[in-house]
Amino acid sequence: MLVTERTLAREIAPAVERSLPGVEVLAVEMLSPSRFCVYVDHPEGVDHALCARVTQLLDDYRASYTIDVSSPGVERPLRKPAHFRAAVGQEVQIRTATPLAGKKRFRGAVVAADERHLRLAAGDEAVDIPYEAIVRGNLIDEGQVQP
């Protein structure tokens, strides 16, 4: 599903962003083989009307998929280098496609982010994670942090 997800993101993001000025497609996530969610943001906020406009733009996909369109929420998706640069100093959770440093799931603070990778600190450890290895990345809602 990761390949399909990335293909959809490459197709959908430019089309939506070109058609709806100010809208940023933060992520496209496959929820099942026949359903995906498009997370969008806008400087003036995301309301039902904006989600409906995005859904209408994606009509061609509705023959094959059920489509959800959502605001980013407090656990904002992070996929692009700019997203991670904006998250420096914040707690995130990351899942990679293949193991890095012996694991696929990471949780910690973003301490640096450039065009190719981010550096994540969890306690005394730091790990560099290339963006192309990331399957999921999200801010952690500080109000929901679990021990």
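Looking at (1) among the small types (Gly, Ala, Ser); (2) assigned to a strand (DSSP E or B); (3) within 16 Å of ILE129 (Cα to Cα), which is the one condition that is false for ALA27?
Failing condition for ALA27: (3).
Conditions first: (1) in contact (Cβ under 8 Å) with a residue 40 or more places away in the chain; (2) touching an Asp or Glu at 6+ places or on another chain (Cβ under 7 Å); (3) among the hydrophobic types (A, V, I, L, M, F, W, C). ALA109 passes all but one, so which condition is the exception?
For ALA109, the exception is condition (1).
Matching residues to (1) in a loop (DSSP other than H, G, I, E, B); (2) surrounded by 17 or more Cβ atoms within 10 Å (Cβ to Cβ); (3) within 18 Å of the chain's Cα centre (by Cα); (4) at pLDDT below 95:
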site: GLN56; (1), (2), (3), (4): no, no, no, no
site: VAL69; (1), (2), (3), (4): no, yes, yes, no
site: ARG79; (1), (2), (3), (4): yes, yes, yes, yes
site: ARG85; (1), (2), (3), (4): no, no, yes, no
site: ALA97; (1), (2), (3), (4): no, no, yes, yes
site: GLY143; (1), (2), (3), (4): no, no, no, yes
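Please pick out the residue among GLU75, GLU91, GLU132 that is modelled with pLDDT of 95 or more and either under 22 Å from MET1 (Cα atoms) or in contact with a strand residue (DSSP E or B) (Cβ under 7 Å, 6 or more places away or on another chain) (or both).
Only one candidate passes the filter, namely GLU91.
Here's a check for you: in the stretch 38-52, which residue that is part of a helix (DSSP H, G or I) and within 13 Å of VAL25 (Cβ to Cβ) is farthest from the chain's Cα centre (by Cα)?
Looking at the filtered set, the residue picked out is LEU50.
Could you list all residues from the stretch 108-127 that are assigned to a strand (DSSP E or B), surrounded by fewer than 14 Cβ atoms within 10 Å (Cβ to Cβ) and not hydrophobic (A, V, I, L, M, F, W, C)?
Of everything in the stretch 108-127, just one residue is assigned to a strand (DSSP E or B), surrounded by fewer than 14 Cβ atoms within 10 Å (Cβ to Cβ) and not hydrophobic (A, V, I, L, M, F, W, C), namely GLU125.
One residue is enough: does the stretch 2-16 have a residue meeting the conditions loosely packed, with under 12 Cβ neighbours inside 10 Å, touching a residue at least 12 places away in the same chain (Cβ under 8 Å) and under 20 Å from THR96 (Cα atoms)?
Checking the stretch 2-16: at least one residue is loosely packed, with under 12 Cβ neighbours inside 10 Å, touching a residue at least 12 places away in the same chain (Cβ under 8 Å) and under 20 Å from THR96 (Cα atoms).
The values are calculated or read from the model by the stated rules, or taken from the named source; none is laboratory data. Note that the structure is a prediction, hence the values are computed from the model and not measured. Note: ideal-geometry Cβ built from the backbone for every residue, glycine included; neighbour counts use all protein chains shown.
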